[in-house]
Every structure is written in C-alpha cells, then in structure tokens.
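The values are calculated or read from the model by the stated rules, or taken from the named source; none is laboratory data. Computed from a prediction, not measured in an experiment: that's the story for all the values here. All Cβ positions, glycine included, derive from the backbone under ideal geometry; neighbour counts span all protein chains shown. Remember, those area values only see protein heavy atoms, side chains included, never the ligands or the DNA or RNA. Shrake-Rupley method; radii C 1.70, N 1.55, O 1.52, S 1.80 Å.
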Amino acid sequence: MDLRSILADLDRWLAEHAPGDFRQMMPPADPAQIDALAAGTFRVHEDVLVWLSIHDGSQRDPVSAAGAFVPSDFPLLGVSAMVQGLTGMIEEVERAVADGDEEFIVGLEAHELWLPVARNHTGGELVVDHRPGGNYGAVLEVDPSIGVVGAKRWDSLSHMFGSVLGALQNTSVLVTGSGVKTAPRIEDSGDGLPHVVWDLYFG
C-alpha cells in the first residue's frame, strides 16, 4: 500500500476513534514551501513530500495533548518546523566540527542530511535520513537525554505510518528507540475529543 492510501486510512481511523487527533491534522503545506524545503542541498525523500502534500504537520494547537499519535508522543512537524529543525542540525554539526567534537556528534546526535519530521515534548526527534546508501529514507530517533542516538525506528515514513496505523487498529505493541514496548489506547478527558496515548511497559 502506498503512503497516500495509508494516510487516507489513518485519517479515517482517527476521525472515527480519536477525533482529538484528527482535529489536529493540518491542511496541505504550500507547494512552494515544500519545493524549497531543503534549499536544493539534497533531494528530499518522496515520502516527506507526500506527507506534506496531505498534512502540514499534526499539531494545529501546540498546547493540546492530541496530535502526538506516533509513539512515543511525537507530533509530526510541518514544513516550516522542518526547515527550522534542519537549520538546527546544520548548526549543531558546524559547532561540533569547530569544537573538535565531530566524532561524538555527527551521525549520532546530528547530521546535515537528517531532516527532522517529528519532535516530542522532551526534545526527542524523529528524522528522515537523507545520507546516500541503504538507509536512505529511514526514520531514525534522536534523543541524547535518554541515550538514543540515531536509532533506526522504521525503514521509511511509509513504514512508520503503516506500523502506527496497524498498531492503532489492532491495539498492538510497538517498540521505542530505547527498546521499551509501548501500546496505544484512547484517552477521553470528557471534552468529546478523545485522543491516542501510548502506554510504556518497562521490564
């Protein structure tokens, strides 16, 4: 199943079961912004372009707990936040090189070809790897605060959304970048807008 079909099925599932999350889904990004995403420095993976052509992120209201339906608790970024995230990656690499810390940072905590596509409330990021080679397009997790540095989570955004959709449909377990198991449930705070939360299972 291609990404457009997966996202259509995800939208339908969220609208029916987690309307709080569905309400957070943004409309498509501006095509000109999508075209300028990487400023011509690299070819942006097709899955990123497809995602942005359907939803410019999943956090219309950044204060709401909803919209973070990718485990664990990752709202998806829109094109403007992706640009900012990529700029931050490039600046972190430049600092590491200038300070002589390249071997501890580059390819572990930051890389100029890692495009951030999601960020959680603790500062952890999901990035799409644009380095040439077998991992091109893979989704990696980066969160040095918990010892997760460039851990591969999914082969692609298509794989990520497909895995999340399957876990939501079947209430099945996924594994975080730190190796912890997590399973989804619907939380209803009584405001009529239930949303997805992911419970972690340690041990």
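For the reader, a short list of remarks on this structure follows.
- Any pair with Cβ under 6 angstrom, 6 or more apart, that starts in region 154-166 at a residue that is without any contact (Cβ under 8 Å) to a residue 60 or more places away in the chain and ends at one that is open to solvent by less than 20 Å² (accessible area, probe 1.4 Å) and small (Gly, Ala, Ser): 155/138
- First in region 54-72 and part of a helix (DSSP H, G or I), second anywhere and modelled with pLDDT of 95 or more and open to solvent by 10 Å² or more (accessible area, probe 1.4 Å), Cβ under 8 Å, 6 or more apart: 54/4; 54/28
- Boolean, residue 187 is more than 17 Å from residue 18 (Cβ to Cβ) and of a type outside the set (A, V, I, L, M): no
- Any hit, region 135-147, residues being surrounded by fewer than 19 Cβ atoms within 10 Å (Cβ to Cβ), in contact with a strand residue (DSSP E or B) (Cβ under 8 Å, 6 or more places away or on another chain), modelled with pLDDT under 95 and closer than 23 Å to residue 173 by Cα: no
- Scan of region 190-201 for residues that are over 12 Å from residue 17 (Cα atoms) and either open to solvent by 30 Å² or more (accessible area, probe 1.4 Å) or of a type in the set (S, T, N, Q) (or both), ordered by number: 190, 191, 199, 200, 201
- Filter pass, residue 76 being surrounded by 16 or more Cβ atoms within 10 Å (Cβ to Cβ) and either of a type in the set (S, T, N, Q) or touching a residue at least 60 places away in the same chain (Cβ under 8 Å) (or both): no
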